[in-house]
Structures are given as structure tokens and as C-alpha cells.
Amino acid sequence: MRPRSLARRRPSAALVVSFLALFVSLGGAGWAALRIPPRSVGSAQLQNFSVGNTKLKPNSVGAAKIVAGAVGARQVNSDQVQLRVSGPCTEGAIQSIAQTGNVTCTQVLANEYGTSTSNTPVGTSSTVIADKQLAGGPVGSTYLVFGNVQWTVSGNPSGVQSADLQCTLSGSSNTHGEAIAELDPQRTMQAGTIPLVAPATITGSHGDVVITCAFTAAPAAQPPTVTVNATINALQTAANTDS
């Protein structure tokens, strides 16, 4: 058959149908995507794992899009996110917190405070011998306070003379101590110690504990000289609490 005769032949119906089917199969998917009604694709139409990271717009998934409790310890990278602290220290204080939330505890020393004075003269009216400020707290900090008064009474009496020395340790409560010195022409000096112990609760930012002393002499004429060395030591006894 000559080429001229082939060009004049019309395509058969079967050939035309085949070309139409090929066209629809190639372009039908794009046409269908343009013709899908709004909101017609839902969860039921999406295959599992069909939406990947590349299909999500940056910042398109926020807190409002995540179901409460959906993200937990298994879903986060513990190398980047600190998990919730697992619990407090029953003794001591927290030294470190692991990425898993486990705590490492360490022992801590209680707060200690102290002060001392020397060669402080005492009068017949109340005299402040030592004073120490202690730290407080919102619910109060408790301390055990130790006071120590080393006293010396000296004079040149013409006869028997006594000196009654009384000291008080004051905080949230008071404790008292007393010593009596007896002098005569052969014994012109006497010394001793008055120990004082009292609990104290300091509320607010701070509070003071104070030692005061005073003495009375008999006979009162030409009273002896009274001097003291005093120390205050306070040891915090309140335990740390977790809020």
C-alpha cells in the first residue's frame, strides 16, 4: 500500500475510543482534584501515615491542636526536655535533677549563728550584754539558742558583801539564770558561769536574741564591780519543707 493511501484513511472508532480513554486516565486525576467539594475529605478518607512532615505548614500545629495528655514522657526527647521532678528530698536538699526527673539529694548543715562580747560592765539596772540577729521566714524559723555568761565580781569590802547577778536570755521565750557572789576583806574577787538555753521562733525576715544582766548588792553602799564575758550560739532546728 502506498503512503498516500494511508494518509487518506480515517481512524477507526476503536482507535478514537482508545485515545479518549488514555486522555481521561492521564488527566482525570488532576481534573478530579479541582472538582472536589469543600470539606469532603475527612479522617475517613486519609490513609494512616499519609500526612508527613513535608505536608505540614510551619507552625500550623499548636497547643490547641494537641489533645490533652497526648504528649507524655514517651513522646519527648529527654535529652532536650526536662521531665517533671519525681519527688522531694526527705532529708537534706536537692543537689541535682536528672533529665528523667530523678533527684539526687545531699545532706545540708543547719544554719548556725554566734556572737561574743568581753569585759562588759554590768549595772544595777538591766544591761544588754550580747545581741544576735537570726534569720526568719514566712512560717517561722525555729532555733535552739545557747547563752553563756562568764562573770567576775570584785571589790574591797570592809566586811561581808554579796552580789546577786541575774541574767536573761530573750527570744520568742525567756530563760533566766542567777549567781550569788560573796566577798569579804580576805576574798575580794569571785568568778563563775551562768548557762542559758532557750528555744526561739523567728517570724518575719529576722529577729534578735538578747542576753541582759543586772545585779543587786548588799549592803548597797560601795557596790562591787561586775563584768561579764558572754556568748550566744544559735542552731537552726526547723526542717526544710517543699511547697
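The values are calculated or read from the model by the stated rules, or taken from the named source; none is laboratory data. What you see is a predicted model, and the numbers here were worked out from it, not measured in a lab. Glycine also receives a Cβ, built like all others from the backbone with ideal geometry; neighbour counts cover every protein chain displayed.
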Inset, instruction - Take region 179-209 and flag every residue that is among the small types (Gly, Ala, Ser) and touching a Leu at 6+ places or on another chain (Cβ under 8 Å). - result: Ala179, Ala181, Ala198, Ala200, Gly207
Legend entry - From the options Val128, Val149, Val108, residue that is at pLDDT below 90, within 41 Å of the chain's Cα centre (by Cα) and β-branched (Val, Ile, Thr): Val108
Legend entry - Every residue from region 46-89 that is at pLDDT below 70 and more than 45 Å from the chain's Cα centre (by Cα): none
Legend entry - Test set (1) over 25 Å from the mean Cα position of the chain (by Cα); (2) over 19 Å from Phe215 (Cα atoms); (3) in a strand (DSSP E or B) - Leu134 fails condition number: (1)
Inset, instruction - Answer yes or no as to whether Thr188 is over 45 Å from the mean Cα position of the chain (by Cα), closer than 21 Å to Thr117 by Cβ and surrounded by fewer than 19 Cβ atoms within 10 Å (Cβ to Cβ). - result: no
Legend entry - Of the criteria (1) surrounded by 15 or more Cβ atoms within 10 Å (Cβ to Cβ); (2) assigned to a strand (DSSP E or B), which one Pro223 fails: (2)
Inset, instruction - Look through Ser170, Ser205 and report the one residue that is under 22 Å from Gly114 (Cα atoms), loosely packed, with under 12 Cβ neighbours inside 10 Å, in contact (Cβ under 8 Å) with a residue 40 or more places away in the chain and not charged (D, E, K, R). - result: Ser205
Legend entry - Residue in region 200-209 that is in the same structural domain as Ser126 (by TED's automatic domain parsing) and more than 28 Å from the chain's Cα centre (by Cα) present: no
